[in-house]
Amino acid sequence: VTALEWGTARIPGLGLETRALVTGGTGAIGREVALALIQLGATVGVIARSEARVGAVAAELDALGPGRAVPLAADVVDLDSMRRAADALAGDRGLDLVVNAAAVGTTAKPFHEIPEAEIDAMLAVNVKGPMIVAQACLPHLERARGAIVNVSSIAAHAAHAGHGAYGPTKAAVNRLTVQLAVDLGPAGIRANSVSPGQTPTRLRSWDEAPGGEPEVATSKVVGADGIPLRRRGELDDYVGAILFLGSAMARYITGVDIPVEGGALVAL
Ligand SMILES: NC(=O)c1ccc[n+]([C@@H]2O[C@H](COP(=O)([O-])OP(=O)(O)OC[C@H]3O[C@@H](n4cnc5c(N)ncnc54)[C@H](OP(=O)(O)O)[C@@H]3O)[C@@H](O)[C@H]2O)c1
């Protein structure tokens with residue numbers, strides 16, 4: 001798979017004037033989205049809980065400009081901290097794009113063995129999180145007539161055995177996307193989502209410390225044989241759909257989900 005060069009791309013509506021906020025911006029997918037936006041010239045707020053990792057990733061991405069990375073440590077389940085971060089990034093300019101990539105996952109286990117604390121953590125970060133982020137960013141999105149892109153999962157569409165808490169939270173993300181499209185559309189704000197397939201990175205577990213280094217290639221993933229395009233997803237694969245939905249190319253699209261999974265969901 002060839003790496004995509006966003007620095008040489010021109011995308012209508014995403015460029016030097018763009019102000020974007022990426023939650024989970026220190027994680028595998030969020031960092032890749034932030035990098036692409038910075039290569040396109042945007043000013044990008046990198047949001048995650050670990051202040052040290054937010055600072056390190058923002059510094060690393062900032063050096064890969066022309067765009068700018070702004071480190072913003074915040075917790076997506078805490079409205080005050082998200083408001084402070086969104087206000088600091090938006091200033092008087094507003095926000096053009098909010099990408100919700102923060103989430104927590106878990107290891108597969110029998111449904112009756114899912115700890116209550118795991119259910120609570122997953123509902124909080126994965127479902128309450130995008131609601132709080134939307135509330136915190138609303139005035140700024142309104143000013144710029146901006147867009148929200150939620151990062152969901154194929155787990156919203158089909159059940160992976162043993163992921164009894166995670167899948168339902170992602171189904172809720174897709175439903176929230178539709179709700180936001182209906183409620184915020186009259187203010188000129190679009191809301192869409194992208195559902196990545198299983199990727200050889202590991203979504204960090206609900207009980208790990210914030211900012212832990214993700215282990216690569218340890219996730220329990222389906223074999224590539226069941227995927228029509230015969231390979232698992234790469235981080236680069238998701239960026240295109242996210243940027244498309246956030247750009248002026250999608251200016252009349254709201255309330256949709258784009259599965260990006262090599263056809264896994266349509267194969268028997
Ligand atoms: N990897 C996959 O196979 C896969 C497949 C389908 C969908 N997805 C979805 O893609 C998105 C990104 O996944 P990923 O694999 O890139 O995950 P990841 O590498 O584990 O990154 C998760 C990010 O979210 C942040 N985060 C977690 N809780 C937070 C909170 N309460 N407030 C603010 N930030 C928080 C983490 O930083 P801190 O810990 O420092 O807060 C980190 O930056 C998620 O929505 C996931 O559900 C992933």
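The values are calculated or read from the model by the stated rules, or taken from the named source; none is laboratory data. Note that this is a predicted model, so its numbers are computed, not measured. As a convention, Cβ positions derive from the backbone with ideal geometry for all residues, glycine included, and neighbour counts pool all protein chains shown. When the accessible area is computed, the model is the full protein with side chains, heavy atoms only, and any ligands, DNA or RNA have been set aside. Shrake-Rupley method; radii C 1.70, N 1.55, O 1.52, S 1.80 Å.
Considered as a group, the residues in the stretch 6-20 that are assigned to a loop (DSSP other than H, G, I, E, B) and more than 20 Å from the chain's Cα centre (by Cα) include one that is modelled with the lowest pLDDT, and that residue is ALA9.
Here VAL149 clears all of (1) at pLDDT 90 or above; (2) near the ligand (Cβ under 10 Å from one of its atoms) except the condition numbered (2). Mind listing whichever residues of the stretch 70-87 are part of a helix (DSSP H, G or I), touching a residue at least 24 places away in the same chain (Cβ under 8 Å) and either surrounded by fewer than 20 Cβ atoms within 10 Å (Cβ to Cβ) or more than 12 Å from the ligand (Cβ to nearest atom) (or both)? LEU79, ARG83, ALA86, ASP87 - these are the residues of the stretch 70-87 that are part of a helix (DSSP H, G or I), touching a residue at least 24 places away in the same chain (Cβ under 8 Å) and either surrounded by fewer than 20 Cβ atoms within 10 Å (Cβ to Cβ) or more than 12 Å from the ligand (Cβ to nearest atom) (or both). Taking the stretch 120-141 as the range and being under 22 Å from GLY197 (Cα atoms) and open to solvent by 40 Å² or more (accessible area, probe 1.4 Å) as the test, only LEU123 passes. Among the residues of the stretch 21-69, the one identified as open to solvent by 30 Å² or more (accessible area, probe 1.4 Å) and part of a strand (DSSP E or B) is ARG68. The set of residues from the stretch 227-239 being within 19 Å of the chain's Cα centre (by Cα) and open to solvent by less than 30 Å² (accessible area, probe 1.4 Å) comprises GLY233, ASP236, TYR238, VAL239.
Is it the case that ARG93 is touching a residue at least 60 places away in the same chain (Cβ under 8 Å), in contact with a strand residue (DSSP E or B) (Cβ under 9 Å, 6 or more places away or on another chain) and either in a strand (DSSP E or B) or open to solvent by 10 Å² or more (accessible area, probe 1.4 Å) (or both)? Here the answer is yes, as ARG93 does meet what is asked.
The residues of the stretch 94-118 that are hydrophobic (A, V, I, L, M, F, W, C) and either in contact with a helix residue (DSSP H, G or I) (Cβ under 8 Å, 6 or more places away or on another chain) or away from the ligand (no atom under 16 Å from the Cβ) (or both), listed by number, are LEU95, LEU97, VAL98, VAL99, ALA101, ALA102, ALA103, VAL104, PHE111, ILE114. Taken over the stretch 240-254, the criterion of being open to solvent by less than 50 Å² (accessible area, probe 1.4 Å) and free of Cβ contacts under 8 Å to residues at least 60 places away in the same chain is satisfied by ALA241 alone.
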